[in-house]
Amino acid sequence: QIAKRNELLMFRSVLLQKRAQRIDAKERRVEDEKNRLMAIERSIVMAEKKLAEMQSIASRQREVAEGVARVEEFEKQRKHREELLRDREMKLMHEEMRVLKAKAEAVELRD
């Protein structure tokens with residue numbers, strides 16, 4: 001009877017060891033999954049930071065492009081004003097030459 005009891009205790013011990021091994025394996029899988037999820041979460045946080053950085057860069061690029069467009073428009077307007085000024089100066093010079101010519105003709109006629 002003692003031998004039978006010892007055999008039952010040994011069998012129970014083996015069953016308990018196997019159960020403990022299964023529990024340990026499950027705990028390792030749970031821990032591995034937890035670590036995997038934490039790594040994914042860190043990757044997501046890094047991706048969000050990178051996205052925010054890229055959005056900031058894109059925003060600055062838009063601001064620069066708008067600034068360049070304003071400068072180009074200003075330059076275009078400045079060139080147009082310079083052309084108008086040159087045209088006015090040419091008209092004024094032609095008018096001055098006409099007046100001088102008329103004065104010269106009037107002096108010739110007087111003499």
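Straight-line reach from Lys18: which aspartates and glutamates have Cα under 16 Å away, leaving out those fewer than 8 places along the same chain?
The qualifying aspartates and glutamates are Glu27.
Can you list the lysines whose alpha carbon is less than 19 Å from that of Lys103, not counting same-chain residues fewer than 8 positions off?
Lys91
Relative to the longest principal Cα axis of the chain, at what angle does helix 2-110 sit, 0 to 90 degrees, rounded to 10?
It is inclined by approximately 0 degrees.
Taking only DSSP H segments of four or more residues, each worth -39500 (n - 2.57), what value at 222 nm results for the chain once the sum is divided by all its residues, to the nearest 500 deg cm²/dmol?
It comes out at -38000 deg cm²/dmol, rounded to the nearest 500.
Let a ≥ b ≥ c be the square roots of the eigenvalues of the Cα gyration tensor of the chain; is it rounded (a/c under 1.5), or, if not, prolate (a/b larger than b/c) or oblate?
prolate
Read the figures in this text as sums done on the coordinates, not as results from a lab. As the structure is a prediction and not an experimental result, all values here were calculated from the model.
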